[in-house]
C-alpha cells in the first residue's frame, strides 16, 4: 500500500504524522507546499516543509504551530537589539536548519535533495518532498490594493488584510517534484490533508500536469473547516472574504472536479447530501486532532475510507 | 588631531582600542583588512572587522581572540548535529551580526555603510572602515601546492601548511574605501597596528593608490613580532617559511620603503641601529598589551612618537 498526502502547515502536518505512525515505513510520501517559502537574511526558509519535517521528527512546537519545541532565542535577541526586522521570529535551532538548507542549495543540491538530507539528519523516515524544486511565491491581493507575499500577510500582518485573490508567482515555469509525480503514479490513494485549500493545496494542484495525474487516483480530502471555522489559520476567513460561506461543504465544492471522497466532522453532518449531490462520497467522523491517538485514528479512517472508494475514470 | 590606524585582527584591535580610549571622539579612523572575509551558509562574514568592532564595543572575547564574550552556541550545536561543516565556529550573537550584515548588503548598502550601521548599533563611536567595498580574497599558496582561502589556512588547517606566497584575488578591481582615503588625506599620522604584515596590512597597502597617499603622511608601525615570536597568529611562522628570520627588524624592513617611525619592544632593542640604517626612526618601549592600561599607554606613546616624527617628502 502506498499513500501520498498533500500538506501545508499545522493541520496538514498533524494528519501526516498520524499517517506516518499508522503506516509502515516507506508507505507514505508527503508533498508539501512551498509557495510560502521566503528569503530572509539571505537564507532560504521553507515554513511548511519545516513544520511537516519537525512534526514527523517529533520536534515540532505543539503550542505555536511553527518552529521547534525547546527552542532558544539567542540570535533573535541580538537581531532585535541591533534593529533587524523581527516580524519573522527565528529560533536558534530552527535557524540552523535554514542555514544548512541555504548552504546545500548554494552547493547545487535541489530543494528535494536538501529536504531528503535534512529529513535523514532529523530522523524522519518517510519521504517528504517539496512540491517543486523551482521557486513559487504565493502572493495575496488585498482589498486595499496591496500585493503581499504570503508570510507578510500571514506573519507580519497577522492575516488582518481582507483578501481578494491569490497569485502563484513563478508557477508557470515551475515543475512539480519528479519524485512527487512518481509517488502519485504508484500510489493507491491521494490524501488532501486538512490544510488551507487556497494557499496550501491549490499551489500544489496548479503545478504543471499534477492535477491531471492526481485525477486518475482515488482522492480523499479531509476538511480543514469544522463548524464554519478553522482551528488554526485563515482558511475560513479567506472563504468569507472571497464571498463564499465558510463550511466543510464549501471546501468539498472547492475541490469538486477532482475529489472521490470527503471527510467532514460530525458537527457538519447536515452537509452530507449536498456533497453527495456533487458526486463526492462523504464520510462523517471526529476530525479534531487533539492527541496522537486522534491523529492515528483519523489517519486510519482516512486510509480505510479512501481505499474503499471506487477508482474513477 | 586626526589619526588613521590600519588593522587586522587581535593585535590590531587591541591597539585600536587603546587609541580609541586615549583619543577624543571623532579623532580616530580604523581601516580594517577584509581579505579574510568569507562566505559561509550564504552569510557575509568579516572576521577582522568583527574583531575590531567587538573590541571597540567592549564585546570581544578576551581569551579566544575572536567572537564575542558571553557567547552562546545553540545554532552551532544544531549545525554540528545535522552534519554541517563545523570548522568555523559561529556563536549565536556573532551570527546575528553576520545575518544583519548579509541582509543590509542584499538591500544594496555598501560594506562601509553596513559597518557604520553595525558600529552605531554596537555603540562604537569611532569610525571603523572596511579597506574596500569590493571583495578581495587573500589566498595562501602552500608548499604542497595548494591554494587555500585565508580562513581555510587559518582556521580549518590551523596555520599548519608551509606558506610559499600570498595572492590577493580581486585586488586589481577593488577600490580602497573612499572614506578611508579621505581620512588618510586629512590625518596627522598613520599607524600600522601590530597586525600581520603579510595578510593584514599588505592587502590594505596594495589597494589602488592607497600606498602613494599614505606615503605623504607620517607613518609609524608597531611591531607584531616580539623577541622573534608573535603573541598570536602566524606572522613569525610566515616570515620563517618565506626564508626571512622572524624579528622586529624584519617587520621594519618589510615596510622599509614607506615607514617614518617604528616601535619595537625593549627585548628587541639590539635592532635599533639596523632599523635606523634604513632611514626609519625607531622607538623602543614595552609593546605587550596585557591590560587596558597597557593598550592606552602604547597608544599614547605611539601618538606622541608618531606626531614628533618629521614629515617626509
So residue A:125, is it under 16 Å from residue A:45 (Cβ atoms), in a loop (DSSP other than H, G, I, E, B) and under 20 Å from the mean Cα position of the chain (by Cα): no
With respect to residue B:201, determine if the residue is within 30 Å of residue B:160 (Cβ to Cβ), in contact (Cβ under 8 Å) with a residue 12 or more places away in the chain and surrounded by 16 or more Cβ atoms within 10 Å (Cβ to Cβ). yes
Pairs, please: C-beta under 6 Å, at least 6 apart or cross-chain, first residue farther than 14 Å from residue A:221 by Cα and not assigned by TED's automatic domain parsing to the domain that holds residue A:129 and in region A:7-31, second buried (at least 24 other Cβ atoms within 10 Å of the Cβ) and at pLDDT below 95? none
Identify, please: which residue in region B:232-254 is part of a loop (DSSP other than H, G, I, E, B) and in contact with a strand residue (DSSP E or B) (Cβ under 9 Å, 6 or more places away or on another chain) and is, among those, surrounded by the fewest Cβ atoms within 10 Å (Cβ to Cβ)? B:242
Condition met for residue B:174 (in a loop (DSSP other than H, G, I, E, B), touching a strand residue (DSSP E or B) at 6+ places or on another chain (Cβ under 6 Å) and more than 26 Å from residue A:99 (Cα to Cα)): yes
Looking for something touching a helix residue (DSSP H, G or I) at 6+ places or on another chain (Cβ under 8 Å), under 25 Å from residue B:176 (Cβ atoms) and either part of a loop (DSSP other than H, G, I, E, B) or free of Cβ contacts under 8 Å to residues at least 60 places away in the same chain (or both) - is there at least one such residue anywhere in region B:68-90? no
Counting only residues that are more than 13 Å from residue A:260 (Cβ to Cβ) and touching a residue at least 24 places away in the same chain (Cβ under 8 Å), region A:204-221 contains a total of 9
Within the bounds of region A:38-46, is there any residue that is closer than 23 Å to residue A:214 by Cβ and either surrounded by fewer than 24 Cβ atoms within 10 Å (Cβ to Cβ) or not assigned by TED's automatic domain parsing to the domain that holds residue A:130 (or both)? yes
Only one of A:240, A:253, A:301 is free of Cβ contacts under 8 Å to residues at least 40 places away in the same chain and farther than 15 Å from residue A:192 by Cα; which? A:240
Report yes if residue B:149 is modelled with pLDDT of 95 or more, more than 14 Å from chain A (Cβ to nearest Cβ) and farther than 19 Å from residue B:12 by Cα, otherwise no. yes
With the checklist (1) in contact with a helix residue (DSSP H, G or I) (Cβ under 8 Å, 6 or more places away or on another chain); (2) away from every other protein chain (no Cβ under 14 Å); (3) not in a helix (DSSP H, G or I) in hand, flag the one item residue B:20 doesn't pass. (3)
May I ask you to list the residues in region A:105-117 that are within 9 Å of chain B (Cβ to nearest Cβ) and within 20 Å of residue A:57 (Cβ to Cβ)? A:117
Could we say that residue A:35 is surrounded by 24 or more Cβ atoms within 10 Å (Cβ to Cβ), touching a strand residue (DSSP E or B) at 6+ places or on another chain (Cβ under 8 Å), more than 13 Å from chain B (Cβ to nearest Cβ) and modelled with pLDDT under 95 here? no
Quick one: in region B:255-269, of everything that is assigned to a helix (DSSP H, G or I) and in contact with a helix residue (DSSP H, G or I) (Cβ under 9 Å, 6 or more places away or on another chain), which residue is surrounded by the most Cβ atoms within 10 Å (Cβ to Cβ)? B:268
Determine whether region B:58-77 contains at least one residue that is crowded, with 23+ Cβ neighbours inside 10 Å, more than 21 Å from the chain's Cα centre (by Cα) and either within 11 Å of chain A (Cβ to nearest Cβ) or within 26 Å of residue B:202 (Cβ to Cβ) (or both). yes
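Please state which one of B:275, B:280, B:226, B:213 is under 24 Å from residue B:310 (Cβ atoms), under 20 Å from the mean Cα position of the chain (by Cα) and surrounded by 15 or more Cβ atoms within 10 Å (Cβ to Cβ).
Among B:275, B:280, B:226, B:213, only B:213 is under 24 Å from residue B:310 (Cβ atoms), under 20 Å from the mean Cα position of the chain (by Cα) and surrounded by 15 or more Cβ atoms within 10 Å (Cβ to Cβ).
The values are calculated or read from the model by the stated rules, or taken from the named source; none is laboratory data. Not measured: the values here are computed from a predicted model. All Cβ positions, even for glycine, are placed from backbone atoms using ideal geometry, and neighbour counts span all protein chains on display.
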